[in-house]
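Inspection log for the structure reproduced underneath, given as structure tokens.
The values are calculated or read from the model by the stated rules, or taken from the named source; none is laboratory data. Computed from a predicted model, the values in this text were never measured in an experiment. Quick reminder, even Gly has a Cβ in these numbers, built from the backbone with ideal geometry, and neighbours come from all protein chains shown. These area figures cover heavy atoms from the full protein model, side chains too; ligands, DNA and RNA do not enter into them. Shrake-Rupley method; radii C 1.70, N 1.55, O 1.52, S 1.80 Å.
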Amino acid sequence: GISMSQSREKSQPIFDRALNVLVKGVSSNFRYLGDKETPVIIKGKGAKIWDADGNEFIDYRLGWGPINLGHADDRVNEAVSEAIKNGTTFAATTLLEVETAELIKKLVPGMEKLRFTNTGTEATMHALRVARGYTNKEKFIKFEGQYHGAHDYVLFSTASSPLSALGARTSPVPAQIGSGIPNKIRDYVYCLPFNDFEAVEQCVKVHHGEISCIMVEPCLGNIAGIEPQKDFLAHLKKLCDDYNMVLIFDEVKTGFRLSNGGARETYGVIPHISTYAKSLGNGFPVAAFGGSADVMDVVGSGSVTHAGTFGANGVATAAAKAVLTILDESPVLTNLAERGMTLKRGLEKVLIDADLPHQMTGHPNIQGFLLTEKPVNEVRDLMHHDDTMYEKIMHNMYTRGIWMEDDAREPWFLCDSHDDTIIEETLNKFEDSVQAAIR
């Protein structure tokens, strides 16, 4: 976890109280960084956050990706504030829900029909069920190092798995994440290396009769944002079309972040279904899944269950509508990608000057770098990355007021509030941090 040099005079007593009432003092396992290390945040605005002791940080974690405009964006907050005056949850369709769905359809290429839900976990869970219902097959392919939420079917071989648990690259073993998952669930998943089309093709040719879908994060949202190699996603689409399988893009991280149309637009491939959450609400909990009407209609025919009391509630849809309207009316993500490239080039220059072997990774809006001499195309290649040095640099960044994950697997997220001044400050502090680490 991040080690702290800033004062914890006020944060620590609050976290001690948290330890008494919340398991490990957190509401998501990934937030726990230690009894004396876990930050307590009291405020965020734009690209900055403040902890309980008043320490100010430039934030590149952004709640692990939902913040694409900036914390506490006034336009989104006002839209939500207006909407909740009319009530939030009804056992019926609302106008707001229809308007928000129309905007998603407008922005996302190939989007025909969708459903709203509340979290990324729900979106991927329902998408998987839709694929199984549509194809009448039960198994699915996922890629090593990819995380698709917190439900049993997908908790295998994620970014949290030790590489030693994955077996040989040529015959991968699904590595279960944690206890409490029934043993037989692993029988439903084939875990394969990302960016290895031959491995996928071989698996599909042998097992297509029982594979309902391929679920893929178009770029590795938990492994430094590593991108797909040329034509990899197009190959997956063709395999799915040829063998009666559904292609699901998990766009929980890429949607409304890479570009207005997400990975579909950025990489030019239209899957049968995409799942969305995170950037759809700029910090408010909202999610959706949808795509081809042909596939999605199995939900409407009543043959596949999708339900949820809070699906398309007023808070969620008001936030999403505001975010989508802003993206639709101004080139937020295009401009963000330009500033993201400025950051990326600047980080690279510092690493070159410091003579640290490295690989820059990811799309400018969800980027990272690895300290390695060997090329990294998928999670197994991380064995060549210098964890210790990376952690040292990020610790130095933290003490200089830049909030970053100290693990290179988690990418740097950017938002519209990361302006030129903030990026310049980041690069100056990065240079200091690297120099202090290699001394």
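Please specify each residue of segment 33-57 satisfying the condition of being in a strand (DSSP E or B), on the phi < 0 side of the Ramachandran plot and not aromatic (Phe, Trp, Tyr).
Within segment 33-57, 41, 42, 43, 44, 45, 48, 49, 51, 56 meet the criteria.
What helices (runs of 4 or more DSSP H) lie completely within segment 229-332 and have 2 or more residues being of a type outside the set (Ser, Thr, Tyr) and open to solvent by 30 Å² or more (accessible area, probe 1.4 Å)?
Once the helices (runs of 4 or more DSSP H) in segment 229-332 are filtered for at least 2 residues that are of a type outside the set (Ser, Thr, Tyr) and open to solvent by 30 Å² or more (accessible area, probe 1.4 Å), what remains is 232-242, 293-300, 314-329.
Would you confirm, using the coordinates I've provided, whether residue 54 is buried (at least 16 other Cβ atoms within 10 Å of the Cβ) and modelled with pLDDT of 95 or more?
Judged against the criteria, residue 54 is not a match.
Only one of 150, 159 is at pLDDT below 95, in contact with a helix residue (DSSP H, G or I) (Cβ under 8 Å, 6 or more places away or on another chain) and small (Gly, Ala, Ser); which?
159 is the lone residue from the list that is at pLDDT below 95, in contact with a helix residue (DSSP H, G or I) (Cβ under 8 Å, 6 or more places away or on another chain) and small (Gly, Ala, Ser).
Check 399, 388 and return the single one that is in contact (Cβ under 8 Å) with a residue 12 or more places away in the chain and hydroxyl-bearing (Ser, Thr, Tyr).
Residue meeting the stated conditions: 399.
Have a look at 357, 375 and point out the one that is open to solvent by 10 Å² or more (accessible area, probe 1.4 Å) and either assigned to a helix (DSSP H, G or I) or in contact with a strand residue (DSSP E or B) (Cβ under 9 Å, 6 or more places away or on another chain) (or both).
Sole residue among the options that is open to solvent by 10 Å² or more (accessible area, probe 1.4 Å) and either assigned to a helix (DSSP H, G or I) or in contact with a strand residue (DSSP E or B) (Cβ under 9 Å, 6 or more places away or on another chain) (or both): 375.
If a residue has to be in contact (Cβ under 8 Å) with a residue 60 or more places away in the chain and crowded, with 21+ Cβ neighbours inside 10 Å to count, how many in segment 423-439 make the cut?
Number satisfying all stated conditions: 3.
Counting only residues that are at pLDDT 95 or above and among the hydrophobic types (A, V, I, L, M, F, W, C), how many does segment 1-15 have?
Final tally of qualifying residues: 2.
Please state which of the following conditions residue 33 fails to meet, knowing it meets all the rest: (1) open to solvent by less than 20 Å² (accessible area, probe 1.4 Å); (2) within 26 Å of residue 121 (Cα to Cα); (3) free of Cβ contacts under 8 Å to residues at least 60 places away in the same chain.
The failed condition is (1).
Of the conditions (1) over 21 Å from the mean Cα position of the chain (by Cα); (2) open to solvent by 60 Å² or more (accessible area, probe 1.4 Å); (3) small (Gly, Ala, Ser), residue 110 satisfies every one except a single condition; which number is it?
Only one criterion is unmet by residue 110, namely (2).
Restricting attention to segment 123-142, which residues are surrounded by 24 or more Cβ atoms within 10 Å (Cβ to Cβ), over 20 Å from residue 205 (Cα atoms) and among the small types (Gly, Ala, Ser)?
Within segment 123-142, 123, 127 meet the criteria.
Of the residues 394, 383, only one is assigned to a helix (DSSP H, G or I) and modelled with pLDDT of 95 or more; which?
Within the list 394, 383, the selection yields 394.
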